[in-house]
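Report on one structure; see the data block that follows.
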Protein chains: 4
Amino acid sequence: MKREVAILGATGTVGQRFIELLQGHPWFEISVLAASERSAGKKYKEACKWRMETPMPEAVEDMTVVNTNLKEVKQAGNVDFVFSALPGSIAGPIEEEFAVEYPVVSKASAHRMKSDVPLIIPEVNPDHLQLISVQKKNRGWNGFISTDPNCSTIQLAITLKALMKFGVENVIVSTMQALSGAGYPGVPSLDIIDNVVPYISGEEEKMENETRKILGTFYGEEIQPANITISASCHRVNVKDGHLEAVYVGLEQKPTIEEVKEAFRNFVGEPQRLKLPTAPERPIIVKEEIDRPQPRFDRDAGKGMSVVVGRIREDPIMTVKYLCLGHNTIRGAAGAGILSAELMVKKGLL
Amino acid sequence: MKREVAILGATGTVGQRFIELLQGHPWFEISVLAASERSAGKKYKEACKWRMETPMPEAVEDMTVVNTNLKEVKQAGNVDFVFSALPGSIAGPIEEEFAVEYPVVSKASAHRMKSDVPLIIPEVNPDHLQLISVQKKNRGWNGFISTDPNCSTIQLAITLKALMKFGVENVIVSTMQALSGAGYPGVPSLDIIDNVVPYISGEEEKMENETRKILGTFYGEEIQPANITISASCHRVNVKDGHLEAVYVGLEQKPTIEEVKEAFRNFVGEPQRLKLPTAPERPIIVKEEIDRPQPRFDRDAGKGMSVVVGRIREDPIMTVKYLCLGHNTIRGAAGAGILSAELMVKKGLL
Amino acid sequence: MKREVAILGATGTVGQRFIELLQGHPWFEISVLAASERSAGKKYKEACKWRMETPMPEAVEDMTVVNTNLKEVKQAGNVDFVFSALPGSIAGPIEEEFAVEYPVVSKASAHRMKSDVPLIIPEVNPDHLQLISVQKKNRGWNGFISTDPNCSTIQLAITLKALMKFGVENVIVSTMQALSGAGYPGVPSLDIIDNVVPYISGEEEKMENETRKILGTFYGEEIQPANITISASCHRVNVKDGHLEAVYVGLEQKPTIEEVKEAFRNFVGEPQRLKLPTAPERPIIVKEEIDRPQPRFDRDAGKGMSVVVGRIREDPIMTVKYLCLGHNTIRGAAGAGILSAELMVKKGLL
Amino acid sequence: MKREVAILGATGTVGQRFIELLQGHPWFEISVLAASERSAGKKYKEACKWRMETPMPEAVEDMTVVNTNLKEVKQAGNVDFVFSALPGSIAGPIEEEFAVEYPVVSKASAHRMKSDVPLIIPEVNPDHLQLISVQKKNRGWNGFISTDPNCSTIQLAITLKALMKFGVENVIVSTMQALSGAGYPGVPSLDIIDNVVPYISGEEEKMENETRKILGTFYGEEIQPANITISASCHRVNVKDGHLEAVYVGLEQKPTIEEVKEAFRNFVGEPQRLKLPTAPERPIIVKEEIDRPQPRFDRDAGKGMSVVVGRIREDPIMTVKYLCLGHNTIRGAAGAGILSAELMVKKGLL
């Protein structure tokens, strides 16, 4: 009785991560793999340069990849809903095509900032799923589009959510982001060996705008963005997985460091209360070691679904500063999509 | 008629960089190399694991290393002044011993924050050298101690100095620092491969305190620190040389981005006016490319003595944000010491 | 009814890997952790800078580390046998001290080439365990010492064993070895960033001598080394785990490439027949992809216990050439020791 | 009176290296920069993503890039000869088009193995330039094509040439090659971080076939390849520049290690005798340190034109083994082309 799911963009790195994480999933089963014309008609194992470090699941090896369009996907198998791991540049119209018939849970950036499209982090703003009925009414679709935020945004927003009770006013964030965030082939090795690239196209705007929407309030028909000023500076470092972010937060109240730690440690959301299969026990883990979190040692915490926070200190200009780390292709991408879909199941949306 | 100089800590990485940079120096000549007991008595080429990428200068290969104490250094050759590249943990009493007789230009942290010790960046606070006469009076020394700031501080302070005319009020800085900043053997490879280490012992305090002193004002007898609030978060990345810093500055005035660029581009100091041999033509270079500065491509600008600035943007919380990059073992260490000594020559102090 | 084991050198990287791999082991349970005087008396979590990427097992966190000597280990708990993860330079006399009373399964190099000490790879030369009765007689010990080979040797010897039926005559091997092989702190990051270090002290001799002993024949009282000429050139590359070796083998017979592949694929040993808990299903995995094995993608095959072989080609000078890869701290170190101990259990030696 | 040269493929990494190395060249001056249609019509500084670590020479910044065809290059400026830095896949017909009128000194692989095309290393086989008159006669061209070998071949062949007097019979070589050998964007960072890629398309065949041609003998009309068996295994490591090769050579004679070192140290060729501007004083540098050559520390020896050899040892299977290192984009690419052209000037061919 598992729900059957099609993966759009199945041969890319996010698509591969979806396939890896869906192995043995208790609720979802992959029924169709869709990719570009170049891959269509081939067996998945021939179409895909598999870049995960675990072997390709046998169940998908011999599945035939189909073209990413509604007609071919429908013919290829039974589909209850769709994960979109499409590149942001092409996702827009394709996702709209699929949403006419299917729920689309999208990792792509194309629709994130649309006023009737939810931008969901299950622990942070599950109520924003109410936008779906607005969207369906607006668009006249049988399906819908729900989106997951940008990888660097998700981990930041989770930590900010835990601080909202102290009154978050403004946020400065300086990132050290992993290579896998740029996809494959992504960053040329000659650009990053013995180097840092202090620019990621569109990333700073995404962090600034998406965070305000995620932390915003649903007022019946739309989201009122949170009144928080955010300033991001984004940098690529020579790390495979795991975005590290130095965060400085200005708060209305002046909690002690211990109160901030408690807020992080005690933070849970609906996924934890509903015991969703992919939900980490602790969305935020606080490290006490002076030199943590570190990407290689902390990115797999909570099977890659926990955000790890450390070095929480008073800040003489803002209020508090800390570091946060998340696995950018699990909590920041495929894991985020799966957790969102699990939440939608419980909400009766899938 | 060159001045003859002894190098204390000659076998360490900063000592090696002094030796490399002093090759062919028009004013200074190495007369004595001093290091720990383990090295004393050996030829330099046998005592030293040379880690520079240019070959060891022939002139030092066969020099006999002596113990780092005043008596042995005096016996070993004629000495006009001393460069100290000693580890901060042992530099304190040794430098005081030498200062009884010699001017000591020190890269070590031991004396930097002493009230009668100048902490010099030649382009920024050359007038602080006036502390030397205070110090000599206080201590009754024939020589003196003058110090150079911490590597990550120097490049930050140079850029802030250029902005002082707009009224610098507060500064948030998030660093991505190179491996060579930790010396040799320094950071184990297993700590940094596929990783970032978000902590460098003592570094944040140094950046915060030293910057205020450097940008402070000399009032006859002492330095009044600048009334600037600084918040640093320091992180080690997998880069050989070149510290990259994301800087957010709050200013009293609201200059345009173009005015900020102009301030950076037009910034010069005494080293440029005096045409000191090691002075870069431009202390600050402004890059217009969207993804610069980058450590590997920009650290050698101005022979490693220029600070390279880029991505200058308005900041919605502070006033302006930008990235700055400096070569941490040239402008941030040995080059800093040599430029300071050159300035002292012109000031009649050496 | 698990056998209780003491780990000597428990705070080093091999010791840590033993602890990680013994978590949940069906036959063995850690009863004592021993390390140097500096660690003795501390809780393990305080004595040890944990460098594994999985969290420290809770069972050891609060165990008190004892000094590495027989008396203190005996007092600390019940011990059935001992894993030695001691540095080769100090292991010699300590292991002899323990062997008076306990079986010692050692990863250290100190005793490997002794004529009455077995040098075991369970799939390759389990019969060499017969040396133990010779050794006990010689030495008058209640316990004994059995050793595991050097990490780069193990994976090579496993592949050669599979080829012995074709008559291995001589072997040229050129390695690209991982950083973890040098322990912690091990290789300084400044030595290996953007670099290769083409020398590893003692490694080439170990590969040449140990391989001949392992592939040798037990004649009642001693091992006659295999009559194979081996030439190794060992190089350190910027990889965390996983030694890659380019191997060129001269054979008496001239098997086809397909026959060589079959020999690799079909190779099994006693651990597989006995279904030892740590035995990989396939000791050798043959990859058909043109660009494999690769350290990051293949080192975890068979939970790090399989050797992965690829690019098997005819060689115009020798007979056949191929690449082989093994996880140097699992199959090449702690996993090797555990598998050896499992074999000894089945042989009635533990 | 400098010769004027057009560079084909001027925006690629080899083209950039040509531009960098030709700065201030005493005999050659760049008159035309040609690249693909995408770049044609743009200023060089706009067409090119400059990847060198020295700044782009001012002289080329504003030159207008032209299309890589004979007509447009001719119109663009005076041309005495042509450097081809074209990709091997497209170089074939384009170079033939230019050779009708101009001498073409090519770094591309397209024509290397043609029987009437010289494959030149100036120190090794300058007499092979005699093929040019054969070629001109065959083809009826006013110009000609002369080629430089593959980067990994050049450094190997130089060391083998020095050993030819001992009778080189067979050669096994295992490479650890730098990222820049794959051009730009080249190797994705996600392929090489914490990894080795043990395959480089076509590289092993090039090393085996080109070396035999280079070391072969010119018999009036053609080259008789050297009767040497070569077996290469090629691997990509995480190094920016500098190919390191582990070499095992079987020799007819059995020279001592000291005699081999002498042969390397004393090796010079026509470039040294003719004092060509780009010729290194010593084509081969022998390092005595146990752990050299290393890419980062030795690739710039002789301004990147020397091959650095170390760890010369007897080999129990072949005769001698050693490591050799060369800068793959200087001695292995652009520097090779320039040195060849300098030789041709002296031979009256340009």
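Picking from D:GLY167, D:GLY202, which residue would you name as being in contact (Cβ under 8 Å) with a residue 40 or more places away in the chain, surrounded by fewer than 18 Cβ atoms within 10 Å (Cβ to Cβ) and within 30 Å of A:GLU53 (Cα to Cα)? So that I can check it myself, show each step before the final result.
Values: D:GLY167 fails: within 30 Å of A:GLU53 (Cα to Cα).
One residue alone meets the criteria, D:GLY202.
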Among helices (runs of 4 or more DSSP H) entirely inside the stretch B:1-113, those with 1 or more residues being under 14 Å from B:ILE145 (Cα atoms) are B:88-99
Determine, yes or no, whether C:VAL100 is touching a residue at least 24 places away in the same chain (Cβ under 8 Å), surrounded by 15 or more Cβ atoms within 10 Å (Cβ to Cβ) and either basic (Lys, Arg) or over 22 Å from C:GLU205 (Cα atoms) (or both).
no
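Tell me, which residue of the stretch A:5-22 that is among the small types (Gly, Ala, Ser) and more than 13 Å from every other protein chain (Cβ to nearest Cβ) is surrounded by the most Cβ atoms within 10 Å (Cβ to Cβ)? Walk me through how you get there before you give the answer.
Initial filter on the stretch A:5-22 (among the small types (Gly, Ala, Ser)): A:6, A:9-10, A:12, A:15.
Keeping just the survivors that are more than 13 Å from every other protein chain (Cβ to nearest Cβ) gives A:6, A:9-10, A:15.
Values: A:ALA6: 27, A:GLY9: 26, A:ALA10: 29, A:GLY15: 25.
It comes out as A:ALA10.
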Right, A:PRO225: in contact with a Gly (Cβ under 6 Å, 6 or more places away or on another chain) and assigned by TED's automatic domain parsing to the domain that holds A:MET164 or not?
yes
State whether the residues of the stretch B:313-322 include one that is over 18 Å from B:ASN150 (Cα atoms) and buried (at least 24 other Cβ atoms within 10 Å of the Cβ).
yes
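Mind listing whichever residues of the stretch D:172-181 are within 20 Å of the chain's Cα centre (by Cα) and either more than 7 Å from every other protein chain (Cβ to nearest Cβ) or of a type outside the set (S, T, N, Q) (or both)?
In the first step, residues of the stretch D:172-181 are kept if they are within 20 Å of the chain's Cα centre (by Cα); the result is D:173-181.
Once the filter is applied, which keeps residues that are within 20 Å of the chain's Cα centre (by Cα) and either more than 7 Å from every other protein chain (Cβ to nearest Cβ) or of a type outside the set (S, T, N, Q) (or both), the stretch D:172-181 yields D:VAL173, D:THR175, D:MET176, D:GLN177, D:ALA178, D:LEU179, D:GLY181.
For B:ASN150, state whether it is away from chain A (no Cβ under 12 Å) and not charged (D, E, K, R).
On the way: away from chain A (no Cβ under 12 Å): yes; not charged (D, E, K, R): yes.
In short, yes.
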Could you please let me know if B:PHE264 is part of a helix (DSSP H, G or I) and within 13 Å of another protein chain (Cβ to nearest Cβ)?
no
Collect the residues in the stretch C:265-284 that are among the β-branched types (Val, Ile, Thr) and within 13 Å of C:PRO122 (Cα to Cα), keeping them in residue-number order.
C:VAL268, C:THR278
Tally of residues being farther than 20 Å from B:GLU342 by Cβ and touching a Lys or Arg at 6+ places or on another chain (Cβ under 9 Å) across the stretch B:63-87
4
Report every pair of residues separated by at least 6 positions or lying on different chains whose Cβ atoms are under 9 Å apart, first residue within the stretch D:295-319 and within 12 Å of chain C (Cβ to nearest Cβ) and on the phi > 0 side of the Ramachandran plot, second buried (at least 22 other Cβ atoms within 10 Å of the Cβ) and outside any helix (DSSP H, G or I).
D:ARG311/C:PRO198; D:ARG311/C:SER233; D:ARG311/D:ALA246; D:ARG311/D:PRO293; D:ARG311/D:LYS321; D:ARG311/D:TYR322; D:ARG311/D:LEU323
Is there a residue in the stretch C:25-32 that is over 16 Å from the mean Cα position of the chain (by Cα) and under 25 Å from C:LEU179 (Cα atoms)?
no
Here's a check for you: in the stretch D:178-203, which residue that is touching a Leu at 6+ places or on another chain (Cβ under 9 Å) and hydrophobic (A, V, I, L, M, F, W, C) is nearest to A:THR329 (Cα to Cα)?
D:LEU190
In the stretch B:182-190, is there at least one residue being more than 14 Å from chain A (Cβ to nearest Cβ), assigned to a helix (DSSP H, G or I) and in contact with a helix residue (DSSP H, G or I) (Cβ under 6 Å, 6 or more places away or on another chain)?
no
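Table: residues versus (1) closer than 28 Å to D:LYS347 by Cβ; (2) out of contact with any helix residue (DSSP H, G or I) (no Cβ under 6 Å at 6 or more places or on another chain).
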{"residue": "D:PRO26", "(1), (2)": "yes, yes"}
{"residue": "D:SER39", "(1), (2)": "no, no"}
{"residue": "D:LYS45", "(1), (2)": "no, no"}
{"residue": "D:LEU70", "(1), (2)": "yes, no"}
{"residue": "D:GLU95", "(1), (2)": "yes, yes"}
{"residue": "D:LYS107", "(1), (2)": "yes, no"}
{"residue": "D:ILE121", "(1), (2)": "yes, no"}
Being over 30 Å from C:LEU190 (Cβ atoms), of a type in the set (S, T, N, Q) and either at pLDDT below 95 or part of a loop (DSSP other than H, G, I, E, B) (or both): is that true of D:GLN253 here?
yes
Filter result for B:VAL345 (at pLDDT 95 or above, touching a helix residue (DSSP H, G or I) at 6+ places or on another chain (Cβ under 8 Å) and not in a loop (DSSP other than H, G, I, E, B)):
no
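Quick test for you: out of C:ILE132, C:ILE120, pick the one residue that is away from chain D (no Cβ under 14 Å), closer than 20 Å to C:LEU274 by Cβ and surrounded by fewer than 24 Cβ atoms within 10 Å (Cβ to Cβ).
Numbers: C:ILE120 fails: surrounded by fewer than 24 Cβ atoms within 10 Å (Cβ to Cβ).
That would be C:ILE132, the only listed residue that is away from chain D (no Cβ under 14 Å), closer than 20 Å to C:LEU274 by Cβ and surrounded by fewer than 24 Cβ atoms within 10 Å (Cβ to Cβ).
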Every residue in the stretch A:31-58 that is touching a Ser or Thr at 6+ places or on another chain (Cβ under 9 Å), more than 14 Å from chain C (Cβ to nearest Cβ) and either under 23 Å from A:ILE330 (Cβ atoms) or among the small types (Gly, Ala, Ser) (or both), please.
A:LEU33, A:ALA34, A:ALA35, A:SER36, A:SER39, A:ALA40, A:GLY41, A:TYR44, A:ALA47
Among residues belonging to the stretch D:320-344 that are farther than 27 Å from D:PHE166 by Cβ and among the β-branched types (Val, Ile, Thr), point out the one that is farthest from the other protein chains (Cβ to nearest Cβ).
D:ILE338
Please indicate, with yes or no, whether at least one residue in the stretch C:191-213 is of a type in the set (Val, Ile, Thr), over 25 Å from D:THR175 (Cα atoms) and away from chain B (no Cβ under 14 Å).
no
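To keep it simple, each residue is scored yes or no on (1) at positive phi; (2) part of a loop (DSSP other than H, G, I, E, B); (3) within 13 Å of another protein chain (Cβ to nearest Cβ).
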site: B:VAL249; (1), (2), (3): no, no, yes
site: B:GLU259; (1), (2), (3): no, no, no
site: B:LYS275; (1), (2), (3): yes, yes, no
site: B:ILE290; (1), (2), (3): no, yes, yes
Pairs with Cβ under 8 Å, 6+ apart, first in the stretch A:116-143 and modelled with pLDDT under 95, second outside any loop (DSSP other than H, G, I, E, B) and surrounded by fewer than 20 Cβ atoms within 10 Å (Cβ to Cβ):
none
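Please go through the stretch C:241-278 and give me each residue that is out of contact with any Cys (no Cβ under 8 Å at 6 or more places or on another chain), within 24 Å of C:ARG296 (Cβ to Cβ) and surrounded by 21 or more Cβ atoms within 10 Å (Cβ to Cβ), ordered by number.
Scanning the stretch C:241-278 gives C:ASP241, C:GLY242, C:ALA246, C:PHE264, C:THR278.
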What's the total number of residues in the stretch A:216-234 that are buried (at least 22 other Cβ atoms within 10 Å of the Cβ) and either away from chain B (no Cβ under 14 Å) or out of contact with any Asp or Glu (no Cβ under 7 Å at 6 or more places or on another chain) (or both)?
1
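The values are calculated or read from the model by the stated rules, or taken from the named source; none is laboratory data. Note that the structure is a prediction, hence the values are computed from the model and not measured. Neighbour counts run over all protein chains shown; Cβ positions are idealised from the backbone, glycine included.
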